[in-house]
Amino acid sequence: MSRASLAKDPREVAGMFDGVAPAYDLTNDVLSMGMDRLWRVRTRAAVGAVPGERVLDLAAGTGTSSEPYADAGIDVVPCDFSAGMVAVGKRRRPDLNFVVGDATALPFAEASFDAVTISFGLRNVVDTTAALAEMFRVTVPGGRLVICEFSTPPNAAWRRLYGFYRDQVLPRVAALVSSNNDAYSYLSESIAQWPDQRALAGLLHEAGWRSVAYRNLSGGIVALHRATKPA
């Protein structure tokens, strides 16, 4: 499977990520010029998890985003739709409790987690509304959700410059460092058609989340959304 279509058929998406799993983390570092590490640090700070809490890390891939939680003594469950990603993660960190799971039908009981987080994965889910509802279901009352996702820079000049990089430069760089540059063409296309910050905030409200807020990172290339489940 070379790449998924923007219809985001679950089998195509899983197959695409299975194919890029071995070099996924390195490719992300190169394409983001290392900024992905900073974005993940900001995400963890927004989650604010402490030992004794249980965190669900969705779209965890190979577990890069989950490792700091585990290393801090937090009970984290890395979950990803791609069995290939999970296999790479288990080899890297056999101590983590990886789960293969679909964000639209999570294999967890109601109110299982104090916090749920997903980074750069929500836009790959076939049904955003269903995924947000599932995240709501598995979160304890009073628990929190943090979403880190590519978004829309509000400044017009920065938006045009970023759009040029996303559409013209990113696929070419991906061709040099990835074994599947078609998958990274999908990446740029999926970012371009993803809802902006206010639209995603609206979807969170519709799913029942409250205290919905967001802040822009890197001028809005990425947005960090935070919400709570009513107690």
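Looking only at segment 70-78, decide whether some residue is closer than 27 Å to Ser188 by Cβ, modelled with pLDDT under 95 and within 16 Å of the chain's Cα centre (by Cα). Show your work before the answer.
Going residue by residue through segment 70-78, those that are closer than 27 Å to Ser188 by Cβ are 78.
From the residues that got through so far, the ones that are modelled with pLDDT under 95 too are none.
Looking through segment 70-78, none of the residues is closer than 27 Å to Ser188 by Cβ, modelled with pLDDT under 95 and within 16 Å of the chain's Cα centre (by Cα).
Could you say which residue among Gly61, Gly48 is at pLDDT 95 or above and within 27 Å of Val212 (Cα to Cα)?
Numbers: Gly61 fails: at pLDDT 95 or above.
Result: Gly48 is the single residue among Gly61, Gly48 that is at pLDDT 95 or above and within 27 Å of Val212 (Cα to Cα).
Before we move on, is Phe108 touching a strand residue (DSSP E or B) at 6+ places or on another chain (Cβ under 9 Å), surrounded by fewer than 20 Cβ atoms within 10 Å (Cβ to Cβ) and aromatic (Phe, Trp, Tyr)?
Numbers: touching a strand residue (DSSP E or B) at 6+ places or on another chain (Cβ under 9 Å): yes; surrounded by fewer than 20 Cβ atoms within 10 Å (Cβ to Cβ): yes; aromatic (Phe, Trp, Tyr): yes.
Judged against the criteria, Phe108 is a match.
Taking segment 44-65, which residues are surrounded by fewer than 20 Cβ atoms within 10 Å (Cβ to Cβ) and of a type outside the set (Gly, Ala, Ser)?
Val50, Pro51, Glu53, Arg54
Mind checking whether some residue in segment 145-168 is among the β-branched types (Val, Ile, Thr), closer than 17 Å to Ala227 by Cα and in contact (Cβ under 8 Å) with a residue 60 or more places away in the chain?
Within segment 145-168, the first condition is being among the β-branched types (Val, Ile, Thr), and the residues that meet it are 146-147, 152.
Now narrow it down to the ones that are closer than 17 Å to Ala227 by Cα: 146-147.
From what is left, the residues that are in contact (Cβ under 8 Å) with a residue 60 or more places away in the chain are 146-147.
Yes, the conditions are met somewhere in segment 145-168.
Please enumerate the residues belonging to segment 68-83 that are crowded, with 22+ Cβ neighbours inside 10 Å and not hydrophobic (A, V, I, L, M, F, W, C).
Tyr69, Pro78, Asp80, Ser82
Please state which one of Ala103, Ala111 is within 16 Å of the chain's Cα centre (by Cα) and either among the charged types (D, E, K, R) or under 20 Å from Arg226 (Cα atoms) (or both).
Working: Ala111 fails: within 16 Å of the chain's Cα centre (by Cα).
Sole residue among the options that is within 16 Å of the chain's Cα centre (by Cα) and either among the charged types (D, E, K, R) or under 20 Å from Arg226 (Cα atoms) (or both): Ala103.
The values are calculated or read from the model by the stated rules, or taken from the named source; none is laboratory data. Since this is a predicted model, take the numbers as computed values, not measurements. Glycine also receives a Cβ, built like all others from the backbone with ideal geometry; neighbour counts cover every protein chain displayed.
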